[in-house]
Amino acid sequence: MIGYNDALAILRNVCRPLPVQRLACAPGLVLAEDVFSDAALPPFDNAAMDGFALCVGTAGAAAGSCYPVAGAQAAGDAGLQAQPGVAWEIMTGARMPEGLDAVIPVEQVEVLERASDGRALRIRLQADLPQGQHVRRAGEDVARGERVLTAGTRIAAPQQMLLAALGVAEIAARRPPRVALLNTGRELVDDPMQPLASGQIRNSNGPFLAARIADAGAVLVVRETVADDPADFLNALERALAAGADVLLSTGAVSMGRYDFVPDALRQIGATIHFHKVRIRPGKPVLFATLPGGALFFGLPGNPVSSAVGLRFFVEPALRMLTGLPPERPLKLPLSAPYGKRQGVRVHLKGRVMPDAAGRLWAQVLPGQESFRIAPLAWSNAWIVLDEPDGELPEGALVDVYGLGHLLGLQVEGSCA
């Protein structure tokens, strides 16, 4: 049996990033190369306010100054050359006429004369106007040639907005990993409407892991429930590989009981088992292997919280490695109450991060830490991790805190005061 850090080192050694492809920009892709801008953003000087554009120079224009209005410039209008000494009515986002260098808001202007159609013909400034006021300069946000995104960045809505604004249609990226999920156990019932026979339980791991796989940025290509039969299990593996799975997960049948057939079934097909059993709680029987074609295989224990820990702390780091994301770093937060554990084992605790009356965050260990207890997991918003050397910890001791998923931000509500 090995420690968690040794298991993680094995994952790093085995997991190779997925191939780099030229792909259309889309959420969920991870950049394989830096992105440099071929254009300036904004692409031209434009107005930041509805108002009137003028040329005021370094001296600016004083309140009370009057100007004739030569015309109007709306967003989308082409550039034009302005004559000296005149104003142009301008709308937010409209290109600044050449030669003009400031915009006075419409609220700070008195219209002295209008045309029959309502257009302003002559205005008086009601406030001083310095040079550059309410003008967005070309390249003020992004300069041409500037590095805007770095390799290892995952594309989400803000990155997609930036790439769209710069006219970037394709990026060098890695696609989301494809994952297959196999729940083993003849006692499992998938249909929530089906009455349970004696000895049966509902398959809670399947829905949970399927949802978390999506949250982790992967694509679920196969989800099956398989009886406790090696032949059925191997047939399901073949179907998962035929569907293009990069990563295969199974739950159950990895411990030491008579029906825990997964390790032997993997050896039967020539898989390489890299580790089986890790000094963690819950989830000690976790197994990691590579199949003959190179796909990754994770055998997770069948207890619900053990499978959740296996996904969060073994599978999700592997998904990050496959897509080129950097290693995850935990938060360091103080314990809200003393907590003790046996040294020599890494413990993953269902936790809740809560602010106190002053807004400081605390990590609360929830009651009900047994691996079969699902309800506390539904109440949690974080994982609290105590490493192998930790023993008795006092209130206020700093501990590692992880979100429920590696891509899920910490959701903090309520108060522990």
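The values are calculated or read from the model by the stated rules, or taken from the named source; none is laboratory data. Everything quoted here is computed from the prediction, not taken from an experiment. All Cβ positions, glycine included, derive from the backbone under ideal geometry; neighbour counts span all protein chains shown.
Quick notes on this one:
- When residues of the range 101-129 are limited to those that are over 43 Å from the mean Cα position of the chain (by Cα), of a type outside the set (D, E) and not in a strand (DSSP E or B), the one surrounded by the fewest Cβ atoms within 10 Å (Cβ to Cβ): S116
- Unmet requirement for F36, which otherwise passes all of (1) under 28 Å from I171 (Cα atoms); (2) free of Cβ contacts under 8 Å to residues at least 60 places away in the same chain: (2)
- When the range 381-399 is filtered for residues that are out of contact with any Leu (no Cβ under 7 Å at 6 or more places or on another chain), surrounded by 14 or more Cβ atoms within 10 Å (Cβ to Cβ) and either outside the structural domain of D356 (by TED's automatic domain parsing) or not in a strand (DSSP E or B) (or both), the ones remaining, listed by number, are D387, E388, D390.
- A single member of A32, A62, A47, A26 is modelled with pLDDT under 95 and either over 30 Å from A289 (Cα atoms) or of a type in the set (A, V, I, L, M) (or both), and it is A26.
- The residues of the range 210-255 that are farther than 14 Å from F297 by Cα, of a type in the set (A, V, I, L, M) and either out of contact with any strand residue (DSSP E or B) (no Cβ under 8 Å at 6 or more places or on another chain) or not assigned by TED's automatic domain parsing to the domain that holds F288 (or both), listed by number, are A211, A216, A231, A242.
- Remark: pairs (first residue in the range 101-130, farther than 22 Å from G57 by Cα; second residue among the aromatic types (F, W, Y) and at pLDDT 95 or above; Cβ separation under 9 Å; 6+ apart in sequence or on different chains) = A120/F52.
- Criterion: closer than 30 Å to A173 by Cβ and among the charged types (D, E, K, R) - qualifying residue of R373, R352, R329, R360: R329
- Qualifying residues in the range 347-370 (those that are part of a loop (DSSP other than H, G, I, E, B) and of a type in the set (A, V, I, L, M, F, W, C)) - the one surrounded by the most Cβ atoms within 10 Å (Cβ to Cβ): L366
- Residue match in the range 32-48 (condition: within 26 Å of F298 (Cβ to Cβ) and β-branched (V, I, T)): no
- Residues of the range 149-187 satisfying the condition of being touching a Lys or Arg at 6+ places or on another chain (Cβ under 7 Å) and buried (at least 19 other Cβ atoms within 10 Å of the Cβ): L181
- From the list R281, R223, R267, R239, the one residue that fits, being of a type in the set (K, R) and closer than 17 Å to R212 by Cβ, is R223.
- Test for G299: is it in contact with a helix residue (DSSP H, G or I) (Cβ under 7 Å, 6 or more places away or on another chain), surrounded by 21 or more Cβ atoms within 10 Å (Cβ to Cβ), touching a residue at least 24 places away in the same chain (Cβ under 8 Å) and not in a loop (DSSP other than H, G, I, E, B): yes
- Considering (1) surrounded by 18 or more Cβ atoms within 10 Å (Cβ to Cβ); (2) touching a strand residue (DSSP E or B) at 6+ places or on another chain (Cβ under 6 Å); (3) more than 30 Å from R202 (Cα to Cα), the lone condition that L331 does not fulfil carries the number (1).
- Considered as a group, the residues in the range 1-45 that are among the small types (G, A, S) and surrounded by fewer than 15 Cβ atoms within 10 Å (Cβ to Cβ) include one that is nearest to the chain's Cα centre (by Cα), and that residue is A26.
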